[in-house]
Ligand SMILES: Nc1ncnc2c1ncn2[C@@H]1O[C@H](COP(=O)(O)OP(=O)(O)OP(=O)(O)O)[C@@H](O)[C@H]1O
Ligand SMILES: [Mg+2]
């Protein structure tokens, strides 16, 4: 048997490791995503004297058929995807919080919300997304609304279960006997309890939002070709693939996957970290 | 007067815990109740304090029954304090949850200022229980049900806590139902003692 001291120190070592991982991932995230804010139009301008260059130290990801630097374009594209993801995930999270709180109000409302969750979960995301984006006429609005509307159910389900649990907690029952209103209890007992889950859910929504945004943009239902989105870069580059310019697709593609992986790892590590508390 | 009238209760898929149970508590009176473990005393405490609805019968508070606005006039002090405080809160928040709580109560119960900024997990069971006891003495409280509230204290502290409780109850003219296994303890503090197993009318 381990002594409690050993268990304790093992636990703190584990926590430290988790924290280190989270900080490392955040570091990558900042370089990757926020650097896009620093890139101006002139850095991704066409420069016909430097077109079709393969990757080199000057142009890490090479240049395209108009002589634009692919590294800069990729960073800018990831940045745009990040912004779309941020907006869509925020709306999803707010929707999930509102609906899960609504569900806790009465049995009928809970029933309705559960049915809505099951209904939305049964439709494949991509199909629903394309439909919504198509109906709303593409562009950022279509994508953000589409992603927000398709991604709330999983988080709502998690939050609903959390609320059910805390609702039956003795200290919440006691709060009612102290004459506290439902709003007071929601604000002081429920929300602080939900914030960690909400935050983790929010971060975990990101990779989905980004991948789906790229996917529908790639398929031509999403952002317009003038916007420097990753999906646009990829679909344009596909046309030049046959001419042997492999770097146009490879590096932006890998970067997209890397960003998604970073968010996913960040979300999962945050969850582990919070659950250990 | 707090009237427990004709109360019957059973949990789903179990036998009756008590049937047609009757007794009363006057304001300012301390009534002791003892009974075998698992016989349904905590369940009765929850019925009297409106956490659980009886299958039959009524609890009548000074002639009134039904819904009360604001703080409920009959407060329960629970057997296990760690379950009835939000683990994420500081103890100061636990105290502030009770509107208009008299600060003198905090002193009388021996609550130290330095505990206020801690979380429940950073206090001992006995220290935490003092907060739970204090919380029951809201300005609206007319009756208190104390369900085995001092089992986590040593003998000396137990005596101190009950001394404080008796003082508060008499001072504020509150009716108290004290539930315990310890008949000796009940004999010391109560005006009158009820044997739960005698009045529950089952087997
Ligand atoms: N929520 C519940 N659902 C079903 N049965 C329950 C529930 N709570 C308690 N019981 C059962 O009801 C009986 C009475 O429980 P209760 O806690 O009221 O006893 P008690 O007299 O307070 O016991 P103790 O003196 O040990 O505190 C027990 O047999 C218990 O197993
Ligand atoms: Mg009990």
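Each reported figure results from applying straightforward, stated rules to the coordinates on display, with no laboratory input. Predicted, not measured: the structure shown is a model, and the values here were computed from it. Every residue, glycine as well, gets a Cβ built from its backbone with ideal geometry; the counts of neighbours run over all protein chains shown.
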Helix-only [θ]222 nm of the protein assembly as shown, DSSP H runs n ≥ 4, -39500 (n - 2.57) each, per residue, nearest 500: -17500 deg cm²/dmol
For B:84, A:260, order by how many other beta-carbon atoms lie within 10 Å, fewest first: A:260, B:84
Angle in degrees between helix B:125-136 and the longest Cα principal axis of chain B, rounded to the nearest 10: 70 degrees
log10 I(q)/I(0), Debye, Cα-only segment A:136-197, no solvent, q = 0.14, 0.30 Å⁻¹? -0.55, -1.19
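If you build the Cα gyration tensor of segment A:105-246 and take the root of 5 times each eigenvalue, what three semi-axes come out, in whole angstrom, biggest first? It would help to have the intermediate numbers written out before the result.
Details: eigenvalues 357, 47, 27 Å².
Equivalent ellipsoid semi-axes, largest first: 42, 15, 12 Å.
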Helix B:155-172 sits at what angle to the longest principal axis of chain B, using alpha carbons and giving 0 to 90 degrees rounded to 10? 80 degrees
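Mind jotting down a quarter of the surface of the convex hull over the alpha carbons of segment A:1-158, in square nanometres, one decimal?
Numbers: hull surface 65.9 nm².
Averaging across all directions leaves 16.5 nm² for the Cα convex hull.
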Per residue, the convex hull enclosing the alpha carbons of chain A has a volume in Å³ of 182 Å³
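Can you give the Kirkwood hydrodynamic radius for chain B, in Å, rounded to one decimal and based on Cα pairs?
17.4 Å
Pop out the Kirkwood hydrodynamic radius of segment B:18-95 from its pairwise C-alpha distances, inverse of mean 1/r, in Å to one decimal. List each step's numbers first, then the result.
Values: mean 1/r = 0.0668 Å⁻¹.
Hydrodynamic radius (Kirkwood, Cα pairs) of segment B:18-95 is 15.0 Å.
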Quick one: of the DSSP bridges fully inside the protein assembly as shown, what percent are antiparallel, nearest 5? 45 percent
Give the Debye-formula value of log10 I(q)/I(0) at each listed q (0.07, 0.10, 0.13 Å⁻¹), with one equal scatterer per alpha carbon of the protein assembly as shown, two decimals each. -0.57, -0.86, -1.16
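Where both residues lie in chain B, what percent of DSSP beta bridges are antiparallel, nearest 5?
Working: 12 of 29 bridges.
Bridges in chain B that DSSP calls antiparallel: roughly 40 percent.
Would you list A:171, B:143, A:240 from fewest to most Cβ contacts within 10 Å? Before the final figure, lay out the partial values.
Details: A:171 19, B:143 26, A:240 15.
Fewest to most other Cβ atoms nearby, the residues stand as A:240, A:171, B:143.
Compute the relative contact order of chain A as a whole-number percentage, counting only Cα pairs closer than 8 Å that sit 6 or more residues apart in sequence. Please list the in-between numbers first.
Details: 341 pairs, mean separation 65.6, N = 277.
Relative CO of chain A lands at 24 percent.
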Could you please state, rounded to a whole Å, how far the C-alpha centre of segment B:34-105 is from the C-alpha centre of segment A:42-96? 61 Å
Starting from one equal scatterer on each C-alpha and no solvent at all, send me the Debye-based log10 I(q)/I(0) for segment B:82-154 at q = 0.15, 0.25 Å⁻¹, two decimals. -0.47, -1.34
Of A:32, B:23, A:206, how do they rank once you tally other Cβ atoms within 10 Å and put the fewest first? B:23, A:32, A:206
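Return the average number of partner chain Cβ atoms within 10 angstrom of each residue Cβ along peptide A:166-176.
Per residue, the average neighbour count from other chains is 5.
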In cubic angstrom per residue, the convex hull of segment A:187-277 built on its Cα atoms measures 100 Å³
Given contacts defined as C-alpha pairs under 8 Å and at least six residues apart, what's the relative contact order of chain B, whole-number percent? 34 percent
